[in-house]
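Here the structure comes first, spelled out in structure tokens, and everything after it is commentary.
Derivation of every value follows stated rules applied to the coordinates shown; laboratory data play no part. Keep in mind it's a predicted model, so treat the numbers as computed, not measured. Note: ideal-geometry Cβ built from the backbone for every residue, glycine included; neighbour counts use all protein chains shown.
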Amino acid sequence: MEDLTGLVRAVALQRDRAAFCTIFEVMAPRVKAFLRRGGADDQTAEDVTQDVMITVWQRAAMYDPAKASVSTWVFTIARNRRIDLIRRARRPEIDVVETEMRAEEDPAHREMEARLDAPALASAMQRLPSDQKALLELAFFEDKTHTAIAESLGLPLGTVKSRLRLGLAKLRAALGDIS
């Protein structure tokens, strides 16, 4: 087995594919076994291993042999990816605004209420700032997801969610907090 430090240096300085292949052949099976021992199933271990090795390729220039050996560096990347997976599994991402918007009522009641409230809603929508009004129309009248809105308008997802939340709060206040 060649010196892994020299191989990482070759990847960092020359983007040496042969050196990376050697690193991959040596480290990938070890990383996968490490992940399996940590409780990952075969497919997850394989996916995370691929991700770890891509990170090794992309960040080879960041490796500092004075701080750790190559294997320690690679296993640290793998450990961090495993921790990220565990955190994501425990805390699924919940979209609070979309959750708030889902009515728990039956469809007939909702339709009747919508017909009665349509003029009040139209009036309240007209009083909103244009950026909030446009986002609410996209989200609710065109049924676009927050991600799709952000991408189509070139806005950060957090900005879209904040503006929707503000617009929704203003609508609720204008309509007497109909829920």
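Using packing as a proxy for protection, rank 25-37, 121-133 so that the peptide with the highest average count of other Cβ atoms within 10 Å comes first. Numbers along the way, then the final one.
Values: 25-37: 16.8, 121-133: 13.8.
Ranked from most to least packed, the peptides come out as 25-37, 121-133.
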Q | Using θ = phi - 60° and Karplus 6.51 cos²θ - 1.76 cosθ + 1.60, couplings along the range 161-170 (whole Hz; Gly, Pro as x) | A | 5, 5, 5, 5, 4, 5, x, 5, 4, 5
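Which net charge results when you count Lys and Arg as +1 and Asp and Glu as -1 among the other residues whose beta-carbon is under 9 Å from that of Lys32? Walk me through the intermediate numbers first.
Details: positive: Arg30, Arg36; negative: Asp42, Glu46.
Within the 9 Å Cβ shell, the charges total 0.
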Q. Based only on Cα atoms, what Rg/Rh ratio does the range 121-179 have, Rh being taken as Kirkwood's radius?
A. 0.97
